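Q: Pasting a structure here, questions to come.
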Amino acid sequence: AQSVTQLGSHVSVSEGALVLLRCNYSSSVPPYLFWYVQYPNQGLQLLLKYTSAATLVKGINGFEAEFKKSETSFHLTKPSAHMSDAAEYFCAVTNPNTGNQFYFGTGTSLTVIP
Amino acid sequence: DTAVSQTPKYLVTQMGNDKSIKCEQNLGHDTMYWYKQDSKKFLKIMFSYNNKELIINETVPNRFSPKSPDKAHLNLHINSLELGDSAVYFCASSQVLAGTDTQYFGPGTRLTVL
């Protein structure tokens with residue numbers, strides 16, 4: 001069985017500050033992990049993904065995430081927040097062996113304060 | 001050249017009606033999905049389907065049924081609509097056999113049941 005937990009349903013940061021969105025996973029097999037972003041009234045867009053290659057994954061818009069097996073974490077970071085980063089962020093996990101079942105977290109709403 | 005498209009974007013209807021939401025993907029993917037996103041942004045998988053297997057989330061009422069006329073389409077048919085069906089429905093697709101399993105999402109259909 002697999003699941004993800006996103007700590008903090010709402011995160012607020014000042015423009016230019018570090019963004020840190022937390023995701024912890026539970027998986028019986030080495031997982032694939034994903035971060036998606038959802039802008040208001042839009043669908044989900046892939047930010048980045050971990051598929052058992054490099055543990056530090058770089059995505060679009062300056063975001064990156066690090067897979068830490070010892071901590072079962074896949075936290076999303078960005079060094080400097082921009083107003084356009086305000087959105088809902090979802091972490092997801094899947095089993096590479098079956099592939100067709102994504103388990104999403106409950107989402108974190110990011111607010112960027114000018 | 002939209003990768004995953006859904007129609008309609010908005011759907012307002014009365015309780016008890018039957019409605020369908022259409023989904024098309026032009027990515028050549030082998031697997032398609034339907035998700036329901038509730039008012040708290042929680043994403044729940046409803047179905048995953050490829051040409052061999054339909055996997056149904058057991059919590060989905062049997063009033064919901066996916067229909068796939070061909071590999072590029074997975075429509076969602078809903079019978080006897082209820083107030084609780086109001087949500088945003090997302091279609092997604094992926095190429096499961098590719099090994100990365102990234103799911104690509106459509107823009108969503110906002111269903112309102114009155």
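Q: Working only within the range A:75-89, note down all residues that are farther than 20 Å from A:Val29 by Cα and crowded, with 16+ Cβ neighbours inside 10 Å.
A: Selection gives A:Leu76, A:Lys78, A:Ala81, A:Asp85, A:Ala86, A:Ala87, A:Glu88, A:Tyr89.
Q: Can you work out which of the residues in the range B:69-114 that are hydroxyl-bearing (Ser, Thr, Tyr) and modelled with pLDDT under 90 is surrounded by the most Cβ atoms within 10 Å (Cβ to Cβ)?
A: Among those that are hydroxyl-bearing (Ser, Thr, Tyr) and modelled with pLDDT under 90, it is B:Ser94.
Q: Something else: Out of A:Thr98, A:Thr106, A:Thr72, I need the residue that is surrounded by 14 or more Cβ atoms within 10 Å (Cβ to Cβ), within 17 Å of A:Pro30 (Cβ to Cβ) and of a type in the set (S, T, N, Q). Which one?
A: Values: A:Thr98 fails: surrounded by 14 or more Cβ atoms within 10 Å (Cβ to Cβ); A:Thr106 fails: within 17 Å of A:Pro30 (Cβ to Cβ).
That would be A:Thr72, the only listed residue that is surrounded by 14 or more Cβ atoms within 10 Å (Cβ to Cβ), within 17 Å of A:Pro30 (Cβ to Cβ) and of a type in the set (S, T, N, Q).
Q: Same structure again: Might you check whether a residue that is buried (at least 20 other Cβ atoms within 10 Å of the Cβ) and more than 28 Å from B:Trp34 (Cα to Cα) occurs anywhere in the range A:35-50?
A: No, the range A:35-50 contains no residue that is buried (at least 20 other Cβ atoms within 10 Å of the Cβ) and more than 28 Å from B:Trp34 (Cα to Cα).
Q: Another question about this same structure. What residue, of A:Lys78, A:Lys69, is at pLDDT below 95 and either under 20 Å from B:Lys41 (Cβ atoms) or among the basic types (Lys, Arg) (or both)?
A: After ruling out the rest, the residue left standing is A:Lys69.
Q: Name the single residue, out of those in the range B:30-45 being in contact (Cβ under 8 Å) with a residue 24 or more places away in the chain and more than 15 Å from A:Tyr36 (Cβ to Cβ), that is surrounded by the fewest Cβ atoms within 10 Å (Cβ to Cβ).
A: Within the range B:30-45, the match that is surrounded by the fewest Cβ atoms within 10 Å (Cβ to Cβ) is B:Ser39.
Q: Okay, next question. Using the structure shown, decide if B:Pro66 is of a type outside the set (S, T, N, Q) and touching a His at 6+ places or on another chain (Cβ under 8 Å). Break it down stepwise before answering.
A: Working: of a type outside the set (S, T, N, Q): yes; touching a His at 6+ places or on another chain (Cβ under 8 Å): yes.
The answer is yes for B:Pro66.
Q: Could I ask something else about it? I'm trying to understand the selection: among the residues of the range A:24-68, which are of a type in the set (A, V, I, L, M, F, W, C), touching an Asp or Glu at 6+ places or on another chain (Cβ under 9 Å) and touching a residue at least 60 places away in the same chain (Cβ under 8 Å)?
A: A:Phe34
Q: Does the range A:4-21 contain any residue that is modelled with pLDDT under 95 and away from chain B (no Cβ under 14 Å)?
A: Yes, that holds for at least one residue.
Q: Separate question: Name the one entry in B:Glu53, B:Glu24 that is within 11 Å of chain A (Cβ to nearest Cβ) and more than 25 Å from A:Cys91 (Cβ to Cβ). Full working, then the answer.
A: On the way: B:Glu24 fails: within 11 Å of chain A (Cβ to nearest Cβ).
Criteria check complete, one pass: B:Glu53.
Q: Further, regarding this structure: Going by the structure shown, is A:Val29 within 14 Å of chain B (Cβ to nearest Cβ), out of contact with any His (no Cβ under 6 Å at 6 or more places or on another chain), β-branched (Val, Ile, Thr) and surrounded by 18 or more Cβ atoms within 10 Å (Cβ to Cβ)?
A: no
Q: Considering the range B:96-114 alone, what residues qualify as being touching a residue at least 24 places away in the same chain (Cβ under 8 Å) and at the interface with chain A (Cβ under 9 Å from one of its Cβ atoms)?
A: First, the residues of the range B:96-114 that are touching a residue at least 24 places away in the same chain (Cβ under 8 Å): B:96-97, B:103-114.
Passing the criteria: B:Val96, B:Leu97, B:Gln103, B:Tyr104, B:Phe105, B:Gly106, B:Pro107, B:Gly108, B:Arg110.
Q: From B:Ser39, B:Ser80, grab the single residue that is more than 11 Å from every other protein chain (Cβ to nearest Cβ), under 19 Å from A:Gly105 (Cα atoms) and part of a loop (DSSP other than H, G, I, E, B).
A: B:Ser39
Q: I'm told B:Val60 meets every condition in (1) within 16 Å of A:Gln101 (Cβ to Cβ); (2) among the β-branched types (Val, Ile, Thr); (3) outside any loop (DSSP other than H, G, I, E, B); (4) in contact (Cβ under 8 Å) with a residue 12 or more places away in the chain except one. Can you identify the failing condition by its number?
A: Every condition holds for B:Val60 apart from (3).
Q: What is the residue count in the range A:32-64 for residues that are aliphatic (A, V, I, L, M), touching a helix residue (DSSP H, G or I) at 6+ places or on another chain (Cβ under 9 Å) and at the interface with another protein chain (Cβ under 8 Å from one of its Cβ atoms)?
A: 1
The values are calculated or read from the model by the stated rules, or taken from the named source; none is laboratory data. This is a predicted model, so every value here is computed, not measured. All Cβ positions, glycine included, derive from the backbone under ideal geometry; neighbour counts span all protein chains shown.
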